[in-house]
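Participant: Okay, handing you the structure first.
Read-outs: derived from the displayed coordinates by stated rules, not from any lab. What you see is a predicted model; the values in this text were computed from it and never measured. No Cβ is skipped: glycine too gets one built from the backbone with ideal geometry, and neighbour counts run over all protein chains shown.
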Amino acid sequence: MDMLNQFILIFPEIVLTSVAMCMQLLAVFFKDHLRFITLVTIAALIVLGTYILNFVPNESISIFSNSFEVSPHIYKLKSLVLFLSIMSIVIYKSLIRIYDKEVKIEYITLI
């Protein structure tokens, strides 16, 4: 398998890492736009979860000299983790409103 196809298979991990770093930087520089940063983070997770569910490989594939494996079961677990991450962000935001405390945007971007 050529190198480009290997990177296409790890595209979700690359995008997730990039989004987390960008949202963390935005949170540092734009502290008064926390709602926007939270919504963009949730939207990115939803888009990434949709991508993962729609582009599932048919069989297990080992890439990068058999150090990384991609399979349909792994993709399902990845989408489950993304869904649970979205739920934890929503629950965190609700609890912050209930207890009338300040939102720690670092929690949201690092989830």
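Participant: May I ask for the longest run of the chain untouched by trypsin sites (Lys or Arg not before Pro) that are loop-located per DSSP and have at most 10 neighbouring C-beta atoms (other than their own) within 10 Å? Walk me through the intermediate numbers first.
Facilitator: Details: sites that count: K31, K101.
Counting at most 10 other Cβ atoms within 10 Å as exposed, the longest clean stretch of the chain is 32-100.
Participant: Scanning the chain for GluC sites (Glu not before Pro) in DSSP loops with at most 10 other Cβ atoms within 10 Å, what's the longest stretch left with none? Each step should come with its number before you reach the end.
Facilitator: Details: sites that count: E59, E102.
That gives 1-58 as the longest site-free run.
Participant: What is the local net charge at M21, summed over the other residues whose Cβ is closer than 15 Å to its Cβ (Lys, Arg +1; Asp, Glu -1)?
Facilitator: Working: positive: none; negative: E13, E106.
Around M21, the surrounding residues sum to -2.
Participant: Taking only the Cα atoms of the range 12-111, how large is their convex hull per residue, in Å³?
Facilitator: Taking the convex hull of the Cα positions in the range 12-111, it is 91 Å³ per residue.
Participant: Further, regarding this structure: If you average the sequence gap of Cα pairs under 8 Å that are 6 or more apart and divide by the length of the chain, what percent do you get for the contact order?
Facilitator: Rounded, it is 29 percent for the chain.
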